[in-house]
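The values are calculated or read from the model by the stated rules, or taken from the named source; none is laboratory data. As the structure is a prediction and not an experimental result, all values here were calculated from the model. With ideal geometry, Cβ positions are generated from the backbone for all residues, glycine too; neighbour counts draw on all protein chains shown.
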Amino acid sequence: MKVAIITKYNDAYKDMAEITSENKKRYAERHGYTFIEDNGPYDKTDRSYNWAKLPAIQRHVKDFDWVMWSDCDSIIMDQSKRLEELIDARYGLIASLFFMGGASKFDYTIHLGNFFVKFTKEIDRVFNVVNNCSDPQMLSSRMHEEEYFTHIYRKSQKLRKQTKLLKLEKLMASPSLWEKRPYGSKDDIKIYKPGDFIFHCQGPMDYDLRVSLLKQFNEKSKET
């Protein structure tokens, strides 16, 4: 199976990406996957840079059987685990559910921080619809492209049939804005448990704290 791991970032996240890209490149080389830092253009100014991920995937997905997208604030903790253990050929997209607690008009979103996708006409169509979003409410959502993708998912039976949703903890550990503990506290490091596949240190936690945590977790990942 031909598999790629794709990420993308802008200059604001360069320090973070230097840590996480080294981590993913090391993992990809270990298992014979292709690691791609997408450098394609993205010049839309009416939305956050998070929306750049789907065009980045579309540039490469046809060249592989499967691709894994991984946000630049994520690192692979269990370096021994193969992606094939999570890939399910019966589907075209494998992601996780993220329960919102008020951050979205939905009670959950389809979490697109780390997910798997292969090329299908329906998924490509949906990605294009998301890319062309012009709804000001969706464009300003703090869940970025995930909220609009979830909106389409709820309406599209074709997309639902091609999508497998995992529990978040099946794929990753993630300190969350909606945890009861003060967000961004150093206690967030306790969320990780040995054996977790991915640690996703997502915002809006203080950037320098996120970089510090990712450095620590990257060192831990070298033990697996």
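Computed values, structure above
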| read-out | value |
| --- | --- |
| Those residues of the range 29-55 which are among the charged types (D, E, K, R) and either surrounded by 15 or more Cβ atoms within 10 Å (Cβ to Cβ) or free of Cβ contacts under 8 Å to residues at least 12 places away in the same chain (or both), in sequence order | E29, E37, D38, D43, K44, R47, K53 |
| Any hit, the range 81-96, residues being in contact (Cβ under 8 Å) with a residue 40 or more places away in the chain, part of a loop (DSSP other than H, G, I, E, B), over 20 Å from K158 (Cα atoms) and in contact with a strand residue (DSSP E or B) (Cβ under 7 Å, 6 or more places away or on another chain) | yes |
| Test: residue in the range 14-28 that is crowded, with 17+ Cβ neighbours inside 10 Å, in a loop (DSSP other than H, G, I, E, B) and either of a type in the set (G, A, S) or touching a residue at least 60 places away in the same chain (Cβ under 8 Å) (or both) | no |
| Residues within the range 170-224 that are among the acidic types (D, E), surrounded by fewer than 15 Cβ atoms within 10 Å (Cβ to Cβ) and either at pLDDT 85 or above or closer than 14 Å to T20 by Cβ (or both), tallied | 3 |
